[in-house]
Structures are given as structure tokens and as C-alpha cells.
Amino acid sequence: MAPPTCLDNITGQNGIVQVVVDTAEKKTKSTGLLDADEFRRQSHQVVDLISEYYDRMGDYPVHPSVTPGFLRNLLPPDAPFRPEPDAFSSALKDVRDIILPGLTHWQSARHMAHFPASSSTIGALGEALTAGINVVPFTWAASPAATELEVLVVDWLGKALHLPDSLLFAGGGGGTLLGTSCEAILCTLVAARDRKLAEIGGNMICDLVVYCSDQTHFAFRKAARIAGILRDHCRAIPTCHHNMFALSPTELEAAMQADVDAGLVPLFLCATLGTTQTTAVDPIGQLCAVTAPHGVWVHVDAAYAGSALVCPEFTDVIDGVEAVDSFSMNAHKWLLANNDCCAMWVKKPSALVAALGPEQDLILKDAASEGHNVVDYMDWTMTLTRRFRALKMWLVLRCYGIQGLRDHIRNHVRMAEAFEKMVKSDERFEVVTDRKFALVCFRLRSQDKFGRADKQPANRLNRRLLEEVNAATSGPYMSSATVGGMFILRCAIGSTLTEDHHVSDAWKVVQDQATIILHD
């Protein structure tokens, strides 16, 4: 006997279309895969686990005491051939009992080692909503509302960050949402490369030179290699302590002129707003004045500190930004958007499309969009498949508002300022660089300054201090950097859960460990 059939009504452009559906097949395909009731039940379990995780965050050491390969000994060597009964609940138990204890807890209030991977309720739920809907907006036609929301959101965000109109769709530029700043750097570098080679000839690629400071994130040098720039044509210009490790326009100008005199072609400058090691700020306007005569593409990497631009009091750090060609920042670092969400803006979107768009018409293009000047975001990036990140960013902006984001940033800056004052109040320590945002770079002073025999060189002393601070079970998790020959400790305030008492507790751990070390 044939299985029963039913008629599903689907609304088409010309009315109702009746489609014959095999109900037995329909039932089999949906059960356990996209079954609404099962999804509802299991999602409650997930929410409960996450809520419990945040409630118990303080019980975990920020950084686990595990050795490489530990997880292999706790989980089976092969995937199950068939799922066990109530496999999802069993898997969540393993998440709780095995996986969570082995993580570095980036959302911990005591995580002060890295720039934040900021989380929020809305950011997390927006990410879940995006995963549940699961569209692929590579062209306008592939998901019209997703594309148009992204166009809207990047202009919303750009205005909130006080970016110039020239980088917004409203002013002839435009933006998109990527995964990370690494992608933004590579996309803009490829666009700059192709634009320059169109002027001087494609066979001149080996003459192209790119520029950065010695504080620029290594992602830039990696992108340059991928883009075909010779390794020894990436100029990392030395910085120094007296100007807080910012890129010197004078040094940049000298480097560019030397390359021109050698018959080479300056191509690209990656300036940084808030370097990873010390949050140094490169002088954007002055650098643009140096690069302009050479036709160099200027990109600003503001991965961390770009979020601070939502506060008017920080906008002086982008003086001259109207002259740049592109700008990127990670909203997932400090703007409550959850991983991943990098916003990139360009002054000339056509340069991206020329470099990254398809060389011939594909079936991906849709006749319905012809003549409407739509954005096909697959032409702006390296990837074809892309995520609907705009939904999450839109929800964050709607539900917290610009004022809420400002309050979030200012609270962390205030706590970092308090930590900085604590460091300065102890004569054994020094703050190494001017604090601009919510990172404090500090170290123990050399002990010979106190008339003591210098039993340990300052760098070795501070390495040991960091090890002891991070080994303290209840203590903070901090990181280090070496700049200007100095080994420094980095205290980055940025977790959504961090409160004043976590900061004062962290400083007490640092002081106590310093006392022990200095009396050894």
C-alpha cells in the first residue's frame, strides 16, 4: 500500500502553488534533524548549561593546568557508529565535566591577559539566531534582507564610531562584516595590489613594497606573503619608547624615498590604532600626508581600540582618518558582538570588486537584481560562503544602544585607570607606556635603583613575576610583551564580567608575589 500524500501550499509570485509531498518521507527527514519540538527541548538544555557556566565562572582557574594531549585520554578514539540513547544530554555532560575544565576561560572576570572577546546576552542570542536561520548571503539575491541589513548596519556602526562619510555607503564608500581583521587586511591589500598593477603593469609585482611598524600585528606580514609581496619588501619600521612605540612619519618618509630611489614601488601602509603589545596609536593624518605623493593605499587596523571610538572623548586618535582608503575593527573584541564580527569600510568599493569579484558572469548572479546597483558581498571578500553576521550586530546596536556601548567601554577604561593608579602608588613598579584605553603595561623596576644589589636582571625578574601571578589559583591571568628591550606585564581590562573588586584583587596578587620574589 502506498504511503499517504498531502498537499503543501507554497506562495509563489503568481499565487498559490500546490506541491505533492510524501508525508512519510517528510516525517523521516525532519525527525531529529530540524524537528521543532526536539530543538526546543535541546535548546533549553544548552541555555541551562551556559547559564550555569556563567554562574560558576569564578570557580574555574582562568587558565587550566593541563598538558598537551590531555583530552585524547578522556574521550573515545573513534566517533560512535550509532548515537547512544539521549546522546545530546550525554554529550552536554562531557562538555560540563571534561571540556569546560580544560578551557582558558575568556569570559572570566579575572581574564586580563588578552584584549577581550566580549560577550553579551544579546550577542550570544544573536549568534544563536543566526545559526538557526542559517542563510548564506553571498549575493543580494541569495538573501536580500541579509544583504540589505548588512548595508544598513555597517553605516549605523560607522556613524556610531564617528567615521567619515567617505567610508560609509551614505557617502559613496561602504562596509561589510567579516570574520577577523586578518581578512580585512588581506582583502584591502589585494585590492591595492591590483589597482597599482593596473597602473604600472602586472609584471611589476616583484617591485611592490608594503610598510608597517615593528609593532604591527604579524597578520599584516602574513597577508603580504599571501598577496605575493616578496618577504624582504615588507618594511617593518622600528619604533621607540620616547614616542610610545608609534610609527614615525619621518621614518616612514625616509623608508619610502629610499625604495623609490632604488626603483621600487611603494604600495600599502598598515597603520595601527591600538597595537597589540602596548596599544600604541599611529598618527594617521601625518602618515597619510607622507604616503599621498606616492599613491599608497592606507589601511587602519583598529581591531581592538576601534570600539572605543563610540565614545566621543577618544575620537582625537583618528585625526586625519578622512584621508585613509580603508578601516577595520573587531566588534567582537570590545563591542559586545561575540565572536566573530569584524567590520571593514573602504572608500572605493569598486577596488575590492575589481580585485575579488568573479571574472565572468556566474549562475550566482540573479536577473532580479540587474539595474538596481545592489551589493553582492561575495565580490568584497575572499570567501563565497559567508555568515549572516549583520543580524547579531543589528541586535546589539538595537538592544544596547550607542549609550549602552559607551557605558560598557567607559567602565573598563575607568577600571584600567584605577589599576594604573595602584601601580604608580607602589615605588617598586613603573607604568611603561601611556595608558590610552583599558590596557596597563607595567613592570617591576630594576632593583639597583633602590640601592640593592641587582640579584636578578629586570627582565628575568619580571618574567618570574608573571609566572607566579598566573600560577596563583585565585589570581588574575595576565600576559607579557617585549618592547624596546623591556619585558613588561600586560593587564587588559575587558571582560564583561569584570568588576572593581576583581581589579583590586588582581593588584594584591601582583604585589604579594612581588614581595615574595624580592625577598628571595
The stretch 27-95: trypsin sites (Lys or Arg not before Pro) in DSSP coil with no more than 15 other Cβ atoms inside 10 Å | ARG56
Radius 13 Å from Cβ of HIS44, net charge of other residues (Lys, Arg +1; Asp, Glu -1) | -2
Taking N as the number of residues in the stretch 124-400, what is its Cα Rg relative to 2.2 N^0.38 Å?
-> 0.99
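I'd like the FRET efficiency for ARG225 and ASP261, computed as 1/(1 + (r/R0)^6) with the beta carbon distance as r and R0 of 22 Å, rounded to 0.05. The partial results should precede the final answer.
Details: r = 25 Å, r/R0 = 1.14.
Efficiency for this residue pair is about 0.30.
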Please report the relative contact order for the chain, taking Cα pairs under 8 Å with a sequence separation of at least 6, and give it as a percent rounded to a whole number.
-> 19
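Which longest run of the chain has no exposed loop site in it, a site being chymotrypsin sites (Phe, Trp or Tyr not before Pro) in a DSSP loop with at most 14 other beta carbons within 10 Å, and the site itself not part of the run?
Values: sites that count: PHE70, PHE81.
Excluding the exposed sites themselves, the longest stretch runs over 82-520.
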Summarise the accessible area of the chain (1.4 Å probe, protein heavy atoms) by the percent that is carbon and sulfur.
-> 55
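Summing -39500 (n - 2.57) over the DSSP H runs of n ≥ 4 in the chain and dividing by its residue number, what mean residue ellipticity at 222 nm do you reach, to the nearest 500 deg cm²/dmol? Present the calculation step by step, with values, prior to reporting the outcome.
Values: 14 runs with 197 residues, N = 520.
After summing the helix terms and dividing by the residues of the chain, the value is -12000 deg cm²/dmol.
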How high is the FRET efficiency between VAL95 and ASP37 when r is their beta carbon distance and R₀ equals 22 Å, given to the nearest 0.05?
-> 0.45
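Excluding VAL413 itself, calculate the net charge of residues whose Cβ lies under 15 Å from the Cβ of VAL413, where each Lys or Arg counts +1 and each Asp or Glu counts -1.
Values: positive: LYS333, ARG406, ARG410, ARG414, LYS421, ARG435, LYS436; negative: GLU313, ASP316, ASP407, GLU417, GLU420, ASP434, GLU499, ASP500.
It works out to a net charge of -1.
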Counting Lys and Arg as +1 and Asp and Glu as -1, what is the net charge of the other residues whose Cβ lies under 14 Å from the Cβ of GLU84?
-> -1
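Once you've got the Cα coordinates, tell me which of LYS159/LYS333; LYS159/LYS392; LYS333/LYS436; LYS421/LYS508; LYS93/LYS392 are over 21 Å apart. Numbers along the way, then the final one.
On the way: LYS159/LYS333 19 Å; LYS159/LYS392 18 Å; LYS333/LYS436 16 Å; LYS421/LYS508 13 Å; LYS93/LYS392 28 Å.
Those over the limit are LYS93/LYS392.
Using only the Cα atoms, what convex hull volume per residue in Å³ does the stretch 403-518 have? Present the calculation step by step, with values, prior to reporting the outcome.
Values: hull volume 11.4 nm³, N = 116.
That works out to 98 Å³ per residue.
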Report the FRET efficiency, 1/(1 + (r/R0)^6), for TYR54 and VAL135, where r is their Cβ-Cβ distance and R0 is 45 Å, rounded to 0.05.
-> 0.95
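The values are calculated or read from the model by the stated rules, or taken from the named source; none is laboratory data. Being a predicted model, the structure only gives us computed values, none of them experimental. Here Cβ is always computed from backbone atoms with ideal geometry, including for glycine, and neighbour counts include all displayed protein chains. Side chains are part of the model used for accessible areas, which takes the heavy atoms of the whole protein and leaves out ligands, DNA and RNA. Shrake-Rupley method; radii C 1.70, N 1.55, O 1.52, S 1.80 Å.
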